[in-house]
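Visitor: Pasting in a structure now, in structure tokens, and then I'll have a few things to ask.
The values are calculated or read from the model by the stated rules, or taken from the named source; none is laboratory data. Computed from a prediction, not measured in an experiment: that's the story for all the values here. Cβ coordinates were reconstructed from backbone atoms using ideal geometry, including for glycine residues, and neighbour counts include every protein chain displayed.
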Amino acid sequence: MPDVNAKACYKCEKQFNSFRRRHHCRYCGLLFCTKCSKTDVILKNGVKLDRTCDKCLGVLAMPEIKNPQPLAQYPYFPKDNSVFIEEDPDDIITEPANDANIDLQYLFNDDIEYNVDNLELGDFANTEELENYLIFRCKENLKDAKAEDWTECLSMTIKDVVKNIKPSKKDAMNLNKYLRIVGFPVEDKCRFFKGIVFKRQLANKRMPNKIRNPRILILVGSTGYFLGDKKIVMLQKIIEQEDNYVKILVDLIKNHIKPDLILLENSMPFNILDELMKLGISVLLNVKKKILKLVSRLTSAKILNSINQSLYENSNYLGSCVEFWQQKINNDTYCFFQANEGSNLCGSVLFNPLGVDKKVLKAIIMRLCVQYRSILLEKTLLSLFSIQKINYEDFHSSGSSFVHVSTCRGKMCSRPKIHSIEYYSKNGKSLGDFIKYSLSNVLEKCENLCEKKLFDHKYYYYKNKGRVKITYSKQDEHFSTLQIYRECLVCSKKTQTQKLSDLAWKFSFNKFIDNFFHTGLLSHSTCSHNFYTKGKFVFALANLSINISYEKTNNYYIYKDIEYNPIIIQTLFEEKWKELLDSGKSLLMELKPKKECFFNLSLYNFSEENCLEDGALINMAIRAVEQSFMNVEDNYISIKSQNPQDYLEVEYLKKTFFSHISNLVVHLEGAMELLDNIETRKTIKDIEKGPLEFSVSKYYEIPCLLSKITDKFDLLKDKNFRYLQEGIPGFYNKDMKFAVNVEEDDTLSIIAYALSSNEYFDVMEEYEDNTDDIYERIESDLLAAKDEHFTFSDENYDNDGFSSDIQRESFKEIYGDSISVKLVAYFYKQFHGMRHFYSGTHKDFLLSIAQAKREELHLGKSKAYFKVSVDERYIIKFIGERQFRMFTDFAPNYFRHCCKNKFHNMPSCLAKILGAFSIQIKNHSTNKTRQEYILINENLTYKQPKNILIYDLKGTINKRRKVQEGDEKTKMDLNYVEFTEGLPIILKADDKKRLDAEIWNDTLFLSQQNIVDYSLLLILNTEKKIINYGIIDYMEQYTFERAIESKYKSVVGTEVPTIIYPKEYKNRFRQHMIQMYFMSVE
């Protein structure tokens, strides 16, 4: 090959210059650069090679074998006249199975609507509004490039581009695919050329550089001679075979193809180029494939993979244009292909590159072409509804992002996915193509393996505070072509049904969806309601239709920082304080006449002169009653002068008042019994007179009767006395200034009594609220989590210490049954520290738990039952011993997890457990004993209104996860899916990130602890659009029994078992909570 015929290296195609020299391969004769050719190569047999290219070196280095395969491939001539046709998979139409209720006979019969090669029909109507929009967009885009003086020229060029380039329906989404933007020194700043322009020189300067109506051949395969296998052969044999190959190839081009111009993706051997030059055929080498496609589109030439393919094609594989010519300006050579008359396939924008940034300007031109064409297509679509006046800036955008979700029969089918796209890009889809695809596949099964037809699906596109819903339906009327109409969702007025025009077909589907979320108003003649947000757009074909409409969405936000509300406690205090004062006053008023009655009876019937022997005893009884009554009066006066701060202090005053009242009752009963005995002695003369006694003694410093209570004054039945007698009177600490009203059936009050004891305050002295280093102590205890427990035992009195059964029964009537309790507070230091953060002071916690609401709650299918503290701040869960032991086993890790949450800002949504207790309660009077295991949990529904919705979500939607309508139990997963119609609840972006992080951290922790069967308790406030949530029931470990149960259900059951291996349970829980039940659209 002569040096002048090669401008670049045959292998790397880098241009030769003063530093990159030409070198001939001594075997193939082609020109290479230094890097692509080697010298002084010595083979294994000792033969030294001259300068050799890499390809020849590979052949020469191979050992020679017998019976070599053919050394070269030649053009193949078929023996018959068969025509080879390649099937395009995109053109194959597979009709879905016919359905009795859906008529598909028209879906593939409309040639205009479904011919993908059909060009745009009709021209865009230009208006002053459109021109103003284009000029405004040009100014806005050129402002950043500091080229505002290009505005007028560029706007004219953009109009010419959009007018002259008309993509087919198949390629309607990417106009820039058929546009070349070339820096060229034009007189104006830029202009449109109806054809293709690119930089390239002819393979030989002597080839024709201007051809009128050229016959054009495009090849992407190799045209050079090459060996089939790499074998060592004689160079002379290779040269002979190459000469034969060149002769056959040139003869094929000359006599069969007869082109005027050949465009090649690769290079061509110089000997072939010489022969073609002699024939007057021009050749362009190393043309990029993108340019080859544009030339193919412009000239209608087919791109052949090899020269052999021309033998199988008919004569249409050659293309043509008006004229081809080359023009050299400065050091650059440009090739021009002028389009035929009436061709609207592609074009070029020529711009003067001086004084502008080429890359920026190219991007601006491409962007403006897409924006302007989009507005023209949109105007065409809106004109179908007689909308002419449009503020185009209100609907301007080049791309958008949606969150896409699909449902099938009320259940989620595809998880939320972000759908971000530029409207007219290769990933976009036209409105017509979307309708075509959707209707064509309406009877196909879903790709998400839900085994349902697409007809049963609904599709949603979320953005901001709304969503666009797409559904299928059947029509009574049949349409042979694709029709469109709009129905108002407010007034039900419909527009005229009409065919979707060819230009409207090409409007971007994503832009059409995005218009629903813009606030711009369009005035239309059908009705006064918003054109997009209040309208349902129906696209009908055959007896099917696709309905597209807008719906507002409810965006929720998380609100978990609920402050303590002291109103309930304050109200309870006021009620108890008032009740104590009122009952004390009423009881004093009732006791005073009874005391006077006793005095009158004593003085009237029993004077000293009548019974001198009993006078001292009677006086002692009178003084005892008088003193007891004075003590009651003084105590009540003292109570009224007090200023208690809470209802526990009221309870303390109440219990001290009851001790004085009970003292008075005992002495009054004893005195009345003494009078009865004296009267009996007077009336019955024959009775043996023995010594009388005042039957009042003390039992552990508590006044008691030695005889049976007669209750002549009905004091024990008095409602005020019964009020003071409430609870277990003996359970209160006289050293404290507050007391808990302990009741046998109220386990929570027993816990409060134990936590208010002197023993507990002694062991927790270091945790006083005013200690400076309390936070360090709490963190240290949570991290250490030593297995230390607090044990408390007490009884109100000894049931076996009485002198007689009568004394025991009399004591019981006033002071109640004999009760003993034994309480163990597990990890008392750690829980005390946690309560410091979540409950406030220890006194605040005692105020909440000192009394429970009377009713029991059975919130789930388990045997556990619940109670609520009086202020509804805490849930008290009664569980079995097995579950309790499971929790205490992993409790140290639980405290470390909570420590990370509180002290190291690790997100967590575990509903906090604030106490773990085992309690044994024995009633010695009835000889009954019960053992209870209790967890005190924070109440996630605290301070929530009554009409909230509560769901217990486990991340599975089998049939068992549903509560029937009317049942007051907490709703489950299937109820949640029905409420949301299979769609996720929408959260703000920050809230969604927070929820995801919390779910992720907590499920990881629980999985590591081998915990399963936990759930997310979700509280929905539909009025204020807020949610609260927390993971609950996390004390069930995956044991052998659970594994057997899960295996059994998976074998004999028809649904996925609720309890599975912890890692699988974690993944399923995450999948549903993070990806299916909640999402963000920001």
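Visitor: Which one of L581, L544, L591, L521 is touching a Leu at 6+ places or on another chain (Cβ under 6 Å) and not hydroxyl-bearing (S, T, Y)?
Guide: On the way: L581 fails: touching a Leu at 6+ places or on another chain (Cβ under 6 Å); L591 fails: touching a Leu at 6+ places or on another chain (Cβ under 6 Å); L521 fails: touching a Leu at 6+ places or on another chain (Cβ under 6 Å).
Exactly one residue qualifies, and that residue is L544.
Visitor: Out of segment 809-839, which residues are more than 41 Å from the chain's Cα centre (by Cα) and either buried (at least 19 other Cβ atoms within 10 Å of the Cβ) or at pLDDT 90 or above (or both)?
Guide: S810, F811, I814, Y815, G816, S818, I819, S820, V821, K822, L823, V824
Visitor: State the number of residues belonging to segment 916-945 that are of a type outside the set (D, E), at negative phi and more than 31 Å from the chain's Cα centre (by Cα). Quick ask: steps written out before the conclusion?
Guide: Start the filter on segment 916-945 by keeping residues that are of a type outside the set (D, E), which leaves 916-931, 933-937, 939-945.
Right, trim to at negative phi and you get 916-926, 928-931, 933-937, 939-942, 944-945.
Then keep just the ones that are more than 31 Å from the chain's Cα centre (by Cα); that gives 916-926, 928-931, 933-935.
Counting residues in segment 916-945 that are of a type outside the set (D, E), at negative phi and more than 31 Å from the chain's Cα centre (by Cα) gives 18.
Visitor: Assuming C153 fulfils every condition listed in (1) at pLDDT 90 or above; (2) at negative phi; (3) in the same structural domain as H256 (by TED's automatic domain parsing); (4) not acidic (D, E) apart from one, which condition is it?
Guide: (3)
Visitor: What are the pairs, 6+ residues apart or on separate chains, where a residue within segment 894-915 that is in contact (Cβ under 8 Å) with a residue 40 or more places away in the chain has its Cβ under 8 Å from a residue that is surrounded by 19 or more Cβ atoms within 10 Å (Cβ to Cβ) and among the basic types (K, R)?
Guide: From segment 894-915, the pairs are C898/K912; L914/R835; G915/R835.
Visitor: Scan segment 444-488 for residues that are more than 30 Å from the chain's Cα centre (by Cα) and hydrophobic (A, V, I, L, M, F, W, C) and jot them down.
Guide: Filtering segment 444-488 down to residues more than 30 Å from the chain's Cα centre (by Cα) leaves 474-488.
Of everything in segment 444-488, those that are more than 30 Å from the chain's Cα centre (by Cα) and hydrophobic (A, V, I, L, M, F, W, C) turn out to be F479, L482, I484, C488.
Visitor: Please go through segment 392-425 and pick out each residue that is in contact with a Gly (Cβ under 6 Å, 6 or more places away or on another chain) and either among the polar types (S, T, N, Q) or not assigned by TED's automatic domain parsing to the domain that holds Y462 (or both).
Guide: Once the filter is applied, which keeps residues that are in contact with a Gly (Cβ under 6 Å, 6 or more places away or on another chain) and either among the polar types (S, T, N, Q) or not assigned by TED's automatic domain parsing to the domain that holds Y462 (or both), segment 392-425 yields only T407.
Visitor: Continuing with this model, one more query. Is it true that Y797 is over 17 Å from K912 (Cβ atoms), in contact (Cβ under 8 Å) with a residue 60 or more places away in the chain and buried (at least 17 other Cβ atoms within 10 Å of the Cβ)?
Guide: yes
Visitor: Farther than 28 Å from Y874 by Cα, surrounded by 20 or more Cβ atoms within 10 Å (Cβ to Cβ) and either modelled with pLDDT of 90 or more or over 18 Å from the mean Cα position of the chain (by Cα) (or both): does that describe I1060?
Guide: Taking the combined requirement at face value, the residue satisfies it.
Visitor: Considering only residues that are out of contact with any strand residue (DSSP E or B) (no Cβ under 8 Å at 6 or more places or on another chain) and surrounded by fewer than 18 Cβ atoms within 10 Å (Cβ to Cβ), look in segment 161-170 and name the one that is modelled with the lowest pLDDT.
Guide: K170
Visitor: In this structure, is V740 hydrophobic (A, V, I, L, M, F, W, C) and in contact with a Ser or Thr (Cβ under 6 Å, 6 or more places away or on another chain)? Please lay out each step first, then the result.
Guide: Values: hydrophobic (A, V, I, L, M, F, W, C): yes; in contact with a Ser or Thr (Cβ under 6 Å, 6 or more places away or on another chain): yes.
So V740 passes the test.
Visitor: Does at least one position in segment 723-743 carry a residue that is of a type in the set (S, T, N, Q), assigned by TED's automatic domain parsing to the domain that holds G816, surrounded by 21 or more Cβ atoms within 10 Å (Cβ to Cβ) and over 16 Å from L664 (Cα atoms)?
Guide: yes
Visitor: Considering each residue of segment 243-276, count those that are surrounded by fewer than 17 Cβ atoms within 10 Å (Cβ to Cβ), among the polar types (S, T, N, Q) and closer than 22 Å to I303 by Cβ, and give that number.
Guide: 1
Visitor: In addition: Tally up the residues in segment 496-523 that are touching a Gly at 6+ places or on another chain (Cβ under 9 Å) and either outside any strand (DSSP E or B) or not assigned by TED's automatic domain parsing to the domain that holds A542 (or both), please.
Guide: Total meeting the criteria: 14.
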